[in-house]
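The values are calculated or read from the model by the stated rules, or taken from the named source; none is laboratory data. None of these values were measured; they are calculated from a predicted model. Cβ coordinates were reconstructed from backbone atoms using ideal geometry, including for glycine residues, and neighbour counts include every protein chain displayed.
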């Protein structure tokens, strides 16, 4: 097979009935702008942490919204809260608040 | 019992005793909450010039209320007449009784002197004292009357919004308001009976019928004593705890004790030193532009003092420092916010391993340029700075050209002090190992962080300071354009670090600077400050628009600022031109 330098990710099926969306609802209560996101990726493009590592806030946002929380808590710890993402977001999502509240919510739910 | 006792003294006595006991318990408990460093600082500095300057500050602030006078003459008069007037009434009363009575006398004699001493010629200058005491009483009463008026129409003393008090504060306030009219009344009754009053009480006394005075004298003195007792007992639990605590706070501050990152006894002193005067409310952007209730420093401190702090209140602050600049007591309000924001569970070892690989550049003989995260969103500033460096042949290391490590201040402001320290540690290591002699930054947030939170062995400058230095030394030759500009003081640079002069002098060199209404300490926040994570974009926009319209009032050609964040905020507002100081300097460089 020819190697193109990238590979195609496996097809994933998310069964929404199995997802626990309680955390998403909680986050939406705390940061109402959270759902305004159109996944344009401006946040990740400007992210300071992204310049060093594969930390990707857009991806984290998407996973969180789908109820796939595994590993997110550890990943979010890479954020330096510098606020560039919040400033460039064309939809006015309060990303800093979103990140802090995601961390809070994940910490609580992981404790249980 | 001595002849200077009457049953009506008892309420006053109980009040004094309760007050002293509660205050002592509180103060000793708070002192014990000090850490060792704070205690050592007190002991080390207690015998030094600092002690004298604390006494001076006490007279100027706790008695005369100089800072309140600066805000509004009538408001200052109101505060100082009650504080200084009452203080003098006590002191002069004590002197008067000391001269008049040579024998053993109880300590309350100065308070009830007229009731116990009827002879208006008891000593040589007794008449003078009677008149002087009346004058002081009149002074205090004028302040109390002003306070009555203020509660109905606060704009008379220059306040748009006054504090919404808790019931207990209102109760104590009414007790205080009653004390002095009751004193006037009781002394007038006594003057009616024994002709021992001064110009005020005697005149009133002459108008009162002898029998009426005879009947009402004791009840009036009793009410006076009750008012005093009630006020004293409510003092430690109400806002009036500030009367003593403010003095202790001034001494602690002047002796060099400061806030820690965690709540300490010093915080407890600060919480009680707040007099809830409400001066911080009017100019808080969250009140002025958004009318958000209950988030201002005064309410935040109050909730904290009564042990019912709410997380959303601690988080809802722009940290623009405006209230700190306004506060007549000089409380360290931002540090208390940060203490309450501390996120103990979340603030663990972070996942910052990725920064470890960054290597310093050998910068011996060079300076470091640290643009800061936000400057990367305003490439014009970076371009201007690199042009200026090249123009003056300054070799530099652009520390965060490709990869930015945040300075850590945004994390610190949100209550992640351990994680912020990790970033500081790496940045400090890079700066020290590079061997550079100076650090220039374009972001006031980073600047404040490098100045106050880092302990760098090299000089730190904001780019406005650096450009100012270049102009002064003649290295940078600039022409003057014919634009009219206004300068916006960024919160972090102005109120945060006290840099007001340099950017203004630069602008006067290269262009025509117009004065604006809200300058220097009174500068308005652009609303985008990283301190607040609660308000949404719409609310930020409102605050921004208010600042913008104040800046555009005089129709300038462009707005100049010195912070990438403020620039970005104003840029978003409209197509109005906003530039950084560095950019306007770059445009006016004379190329040879």
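Taking the residues in region A:63-85 that are facing another protein chain (nearest Cβ under 10 Å) and free of Cβ contacts under 8 Å to residues at least 24 places away in the same chain as candidates, determine which candidate is farthest from residue B:348 (Cα to Cα).
Filtering first and then ranking leaves A:83.
Restrict the check to region B:14-27 and report whether at least one residue is modelled with pLDDT under 90, assigned to a helix (DSSP H, G or I) and buried (at least 19 other Cβ atoms within 10 Å of the Cβ).
Within region B:14-27 (the criterion being modelled with pLDDT under 90, assigned to a helix (DSSP H, G or I) and buried (at least 19 other Cβ atoms within 10 Å of the Cβ)), the answer is no, since none of the residues qualifies.
Is it fair to say residue B:297 is away from every other protein chain (no Cβ under 14 Å), at pLDDT below 90 and either out of contact with any strand residue (DSSP E or B) (no Cβ under 8 Å at 6 or more places or on another chain) or farther than 23 Å from residue B:567 by Cα (or both)?
Considered against the rule, which asks whether it is away from every other protein chain (no Cβ under 14 Å), at pLDDT below 90 and either out of contact with any strand residue (DSSP E or B) (no Cβ under 8 Å at 6 or more places or on another chain) or farther than 23 Å from residue B:567 by Cα (or both), residue B:297 comes out as no.
Can you pull out every residue in region B:403-440 that is within 14 Å of residue B:354 (Cα to Cα) and at the interface with chain A (Cβ under 9 Å from one of its Cβ atoms)?
If the condition is that a residue be within 14 Å of residue B:354 (Cα to Cα) and at the interface with chain A (Cβ under 9 Å from one of its Cβ atoms), then B:403, B:404, B:405, B:406, B:419, B:423 are the ones that fit.
Of all residues in region A:100-112, which are surrounded by 14 or more Cβ atoms within 10 Å (Cβ to Cβ) and more than 9 Å from chain B (Cβ to nearest Cβ)?
Scanning region A:100-112 gives A:102, A:105, A:106, A:109.
For (1) buried (at least 17 other Cβ atoms within 10 Å of the Cβ); (2) touching a residue at least 60 places away in the same chain (Cβ under 8 Å); (3) closer than 28 Å to residue B:479 by Cα; (4) in the same structural domain as residue B:390 (by TED's automatic domain parsing), each residue gets a yes or a no:
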{"residue": "B:516", "(1), (2), (3), (4)": "yes, no, yes, no"}
{"residue": "B:529", "(1), (2), (3), (4)": "yes, yes, no, no"}
{"residue": "B:537", "(1), (2), (3), (4)": "yes, no, no, no"}
{"residue": "B:540", "(1), (2), (3), (4)": "yes, no, no, no"}
{"residue": "B:569", "(1), (2), (3), (4)": "yes, no, no, no"}
{"residue": "B:575", "(1), (2), (3), (4)": "no, no, yes, no"}
{"residue": "B:580", "(1), (2), (3), (4)": "yes, yes, yes, no"}
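Residue B:62: on the phi < 0 side of the Ramachandran plot, within 19 Å of the chain's Cα centre (by Cα) and either surrounded by fewer than 16 Cβ atoms within 10 Å (Cβ to Cβ) or in a helix (DSSP H, G or I) (or both), yes or no?
Against the criterion (on the phi < 0 side of the Ramachandran plot, within 19 Å of the chain's Cα centre (by Cα) and either surrounded by fewer than 16 Cβ atoms within 10 Å (Cβ to Cβ) or in a helix (DSSP H, G or I) (or both)), residue B:62 qualifies.
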